[in-house]
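Notes follow the structure.
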Ligand code: GAR
């Protein structure tokens, strides 16, 4: 059975969704860069090994990346899942795990990379927003896309209401992408996603709601 590791920094709701999804693999560790990450308790309650590699006690990013990589490699995982992991990882680290590391990002990439995606979506007035699972490559939030889910942006949305609508979708698409990878239905080749996964029905396209028309 394939082995996977989840990296978190905080609440860990995506980690919970992954652990509750009965994935075709074994979670061998949950690692956080923050000792106070709420998600660590849930992982422990599931009997999963946890570790903290605290970025604040390392001299620089290279030292942190090296400690994190060593902790990950100790478990020899087939897949590394970034689930609300809020540290930027250096190029050497990313290359070491390239092709076996996925991330969930709370926007329809390539729109809104980085932080505060919901705030930016509201500021730009987009009518569709959402989330993306992608392979991690050295350029932040730019790796090949595996799956996305879209939600409508409503006229009275706040950052909080929009982020919770997106989060519901995150909890669906991340376990789906992880399952595909662990089943061997997904890999990277020459920087592109190669997959044997169901294709969306073109009739199922989401149309933005039309408002303000006579
Ligand atoms: C999630 O919305 C995730 O997409 C986002 O942080 C949140 C973590 O929530 N990740 C990023 O912004 C990564 N750049 P969680 O800890 O409850 O899963």
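Some points to look at:
- D_trans [Stokes-Einstein, Kirkwood Rh over alpha-carbon pairs] for the range 1-89, 37 °C, 0.692 mPa s, µm² s⁻¹: 254
- The spread of Cα positions in the range 93-196, taken along each principal axis and listed from longest to shortest, comes to 42, 25, 18 Å.
- Fewest-first sequence of 137, 158 by Cβ atoms within 10 Å of each Cβ: 158, 137
- Among beta bridges from DSSP that stay inside the chain, the antiparallel ones total about 50%.
- Structure-based [θ]222 nm, the chain - -39500 (n - 2.57) summed over DSSP H runs of at least 4, per residue, nearest 500: -9500 deg cm²/dmol
- Relative intensity, log₁₀ I(q)/I(0), of the range 57-130 from a Debye sum that treats every alpha carbon as a point, q = 0.13, 0.15, 0.26, 0.27 Å⁻¹: -0.51, -0.64, -1.21, -1.27
- Potential lengthening between residue 2 and residue 20 on full extension [0.36 nm per residue; Cα-Cα distance subtracted]: 4.8 nm
- Footprinting exposure proxy for 27, 131 (fewest neighbouring C-beta atoms within 10 Å first): 27, 131
- Listed by Cβ neighbour count within 10 Å, with the fewest neighbours leading, 139, 132 appear as 139, 132.
- Take the Kirkwood radius over Cα pairs of the chain, plug it into Stokes-Einstein at 4 °C and 1.567 mPa s, and you get 72 µm²/s for translational diffusion.
- To the nearest ten degrees, helix 159-182 and the longest principal axis of the Cα atoms of the chain are 60 degrees apart.
Bear in mind these aren't lab numbers, they're just calculated from the coordinates by the rules spelled out. What you see is a predicted model, and the numbers here were worked out from it, not measured in a lab. Because the Cβ atoms are built from the backbone with ideal geometry, glycine has one as well, and the counts that use them run over all protein chains shown.
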